[in-house]
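In what follows, a structure is listed as structure tokens, so that the remarks can point back to it.
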Amino acid sequence: MSLKRVLVANRGEIAVRIIRACADEGVESVAIVSEADRESMAAYLADQVVCIGPGASTESYLDINRVLQAALATGCDSLHPGYGFLAERPELADACAENGIVFIGPSGDTIRRGGDKIQARAVAESVGINTGAGSAALENLEQARAQVESIGVPVLLKAAAGGGGRGMVLVNHLSDLNEKFASASNEALQAFGDGRLYVEKFITQARHVEVQILADTHGHVIHLGERDCSTQRRYQKVVEEAPAVSIPLNVREALHVSAVELCRALDYVGAATVEFVVDAFTGDYAFLEVNTRVQVEHPVTELVTGVDIVREQLRIAAGEPLSITQAEVQLTGHAIECRVNAEDPRNNFMPAPGRVTTWIPPQGGGVRIDSHVYGGYLIPPYYDSMVAKVLTHGSDRGDALTRMGRALKHLTIDGVTTNKDFLISVIADEDFVGQRHHTRWVEQDFLPRWANEPQSAEFKETMSS
Amino acid sequence: MALTPEDIKALVAAFDASDWGEMSVKIGDTTLELTRTGRPPETSAGRFTETVVAPSAVPTAAQTSPAAAPASAAKSDSTVSEPGTSKTNLDGHLVRAPSLGLFWRSPQPGAPNFVDIGQEVDAEDTVGIVEVMKLMNHVKAGMSGTVMAIEPDNGQMVEFGQLLVVIRPPE
């Protein structure tokens, strides 16, 4: 079968991205919008638009019944969930199946097995993929000491009930363990009402590397290489690139094999991302998780492979074979993505929604912009603050970086505060250029330095030229 | 500079407390427009004919808690009067769809309609159903009066905020 009409169950730039892929595949698109998104770019570009609820996403983009009703009422045969919102909710995939709508993604069961971290780790271990040194919940200090001695310092003591980076204590020396264990347990009890701890090997300089997978219903599972997403702030990716040139080739190849094997073991169908943490010093790696959706940063892989991942998702959902084989996947050059957000980096990255008065995106010469912004667009306060993904492609990393510097400087966005100057400084930083950055680099090294710089990167350049 | 959600919340609260019909606030390059009149401010070019009041600026808290959000509630509860005209029979209370769904005029096929044009209704009377995946949301009249118009056909898909029924309050 081929798809006739896709419900685009998302908003923002990814909705626009999906509408574009539908048009290229000759498939109609129906956009759902909240009241706050009636004037969104997706609403302008889709073949049909329906407003499903008020601005609050719990009554619009997160309401499975409304989303499904919109698909049925507009005669859609398929639904693309994008990323975020309902994309990794198995209930939506199940509900689509029950109502005869093709969910453009894996089955509900696969989402449950792949998306659940504990289950996914078990599957990874069953196919021999390292899931990292660590312990189950610790009973007492003696047990903690035995664990730390066997793993070796440094380790992280983590609250069993914790999350989002809270309740973590770093132990650098075994002699500190008594004191740190008591304070971590105390802190966990205060913060989460549960003092149980577990211990995890701490990687001082960790790289976040992820492998892009495509799997069709004909048994083909291929990878499109890897991405390095080590530039993060509070576990949110800031800059992504492909390929991960700082990682030795043999390690990258091992990651590819592991990711393909894991997806085979999961009977995976669709686009997936298998995430790993890689020790920048030793090259040791451990499995983190599987994302069962298209990722924000998928375009960097598209730029270096020439494969349109969203169109492949549509083909896979229609039951067609992948348009390329593993042997046909060739990497060309290097690609970088910067996430431009409406936020104020000088004010603790506070979101800054508002109306964009002037919007002049950079163009040409290896630049790609994925965005839903236009001049006069009102960025609503309900949703995330990303306004554009600025991507550049070059012959190598240096070339791609030069083009990124140019692209960001040529981006004009007036009316709202953005992190543009912050990004310009990040990609020009010696550590970043020299690939000495890691997942904690932005917070530990870069931001303290940058906070003391009174002038923007653009301003300095003007002064020195 | 740009408006923060807190700023917008404060401005909506100030608007609520006032007896103004419209408010326009310009701070730097950002303009916030609020209105209770059931139509968009004249400066905003709406693509949709059924644009509702208190544009996209009403904060989440206000959306989810009706008691805290008279300005957003105004879109379904307020009496609409065209500026420059006296109270005529064009006036009415507009009942709008609380959600996307299928509009049904009767509780089940073949049953009598909840309401017909010309009928007197009480505020608590059901004027129709908006069905969302077998979930039957009864839509109340919201005020007593006479049913002047029933916009969608039976079984038609309606969008969020779409006009369902016009009720004329008693003289």
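Residue-by-condition table, conditions (1) among the acidic types (D, E); (2) without any contact (Cβ under 8 Å) to a residue 40 or more places away in the chain:
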site	(1), (2)
A:G283	no, yes
A:H298	no, no
A:T301	no, no
A:D308	yes, no
A:Q313	no, no
A:E328	yes, yes
Practice problem: Keeping to region A:28-51, report how many residues are at the interface with another protein chain (Cβ under 10 Å from one of its Cβ atoms) and within 20 Å of B:Q156 (Cβ to Cβ). | Solution: 7
Quiz item: When you scan region A:245-297, how many residues do you find that are of a type in the set (S, T, Y) and part of a loop (DSSP other than H, G, I, E, B)?
Solution: 4
Exercise. Could you look through region A:298-309, keep only residues that are among the aliphatic types (A, V, I, L, M) and assigned to a helix (DSSP H, G or I), and pick out the one that is surrounded by the most Cβ atoms within 10 Å (Cβ to Cβ)?
Key: A:V300
Quiz item: Looking at region A:1-26, which of the residues that are surrounded by 24 or more Cβ atoms within 10 Å (Cβ to Cβ) and not in a helix (DSSP H, G or I) is farthest from the other protein chains (Cβ to nearest Cβ)?
Solution: A:V6
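Residue by residue, here is whether (1) within 14 Å of another protein chain (Cβ to nearest Cβ); (2) exposed (fewer than 13 other Cβ atoms within 10 Å of the Cβ); (3) within 12 Å of B:P98 (Cβ to Cβ); (4) not hydrophobic (A, V, I, L, M, F, W, C) holds:
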| residue | (1), (2), (3), (4) |
| --- | --- |
| B:D116 | no, yes, no, yes |
| B:V121 | no, no, no, no |
| B:E124 | no, yes, no, yes |
| B:N137 | yes, no, yes, yes |
Quiz prompt | Matching option when the condition is over 18 Å from A:T332 (Cα atoms), surrounded by 19 or more Cβ atoms within 10 Å (Cβ to Cβ) and touching a Cys at 6+ places or on another chain (Cβ under 8 Å), among A:V199, A:V221 | solution = A:V221
Exercise. At least 2 residues that are crowded, with 20+ Cβ neighbours inside 10 Å and away from chain B (no Cβ under 14 Å) in each: list the helices (runs of 4 or more DSSP H) lying fully within region A:390-451 that qualify.
Key: A:397-410, A:420-428
Practice problem: May I ask you to list the residues in region A:77-103 that are more than 12 Å from every other protein chain (Cβ to nearest Cβ), surrounded by 24 or more Cβ atoms within 10 Å (Cβ to Cβ) and out of contact with any helix residue (DSSP H, G or I) (no Cβ under 6 Å at 6 or more places or on another chain)? | Solution: A:P81
Practice problem: State whether the residues of region A:52-67 include one that is of a type in the set (K, R), over 27 Å from A:V390 (Cα atoms) and more than 14 Å from chain B (Cβ to nearest Cβ). | Solution: no
Quiz item: So how many residues does region A:315-355 have that are part of a helix (DSSP H, G or I), within 14 Å of chain B (Cβ to nearest Cβ) and either modelled with pLDDT of 95 or more or touching a Pro at 6+ places or on another chain (Cβ under 8 Å) (or both)?
Solution: 1
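For (1) more than 27 Å from A:A280 (Cα to Cα); (2) aliphatic (A, V, I, L, M); (3) in contact with a strand residue (DSSP E or B) (Cβ under 8 Å, 6 or more places away or on another chain), each residue gets a yes or a no:
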{"site": "A:G394", "(1), (2), (3)": "no, no, yes"}
{"site": "A:A407", "(1), (2), (3)": "yes, yes, yes"}
{"site": "A:T412", "(1), (2), (3)": "yes, no, yes"}
{"site": "A:K420", "(1), (2), (3)": "yes, no, yes"}
{"site": "A:L423", "(1), (2), (3)": "no, yes, yes"}
{"site": "A:V433", "(1), (2), (3)": "no, yes, no"}
{"site": "A:R436", "(1), (2), (3)": "no, no, no"}
Quiz item: Could you list, in sequence order, the residues of region A:209-259 that are at positive phi, at pLDDT 95 or above and under 17 Å from the mean Cα position of the chain (by Cα)?
Solution: A:G225
Quiz prompt | Residue list for region B:142-169, filter: in contact with a Leu (Cβ under 9 Å, 6 or more places away or on another chain), within 14 Å of chain A (Cβ to nearest Cβ) and in a loop (DSSP other than H, G, I, E, B) | solution = B:P152, B:G155, B:Q156, B:E159, B:F160, B:Q162
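The values are calculated or read from the model by the stated rules, or taken from the named source; none is laboratory data. Not measured: the values here are computed from a predicted model. FYI the Cβ positions are ideal-geometry reconstructions off the backbone, even for glycines, and counts take in every protein chain you see.
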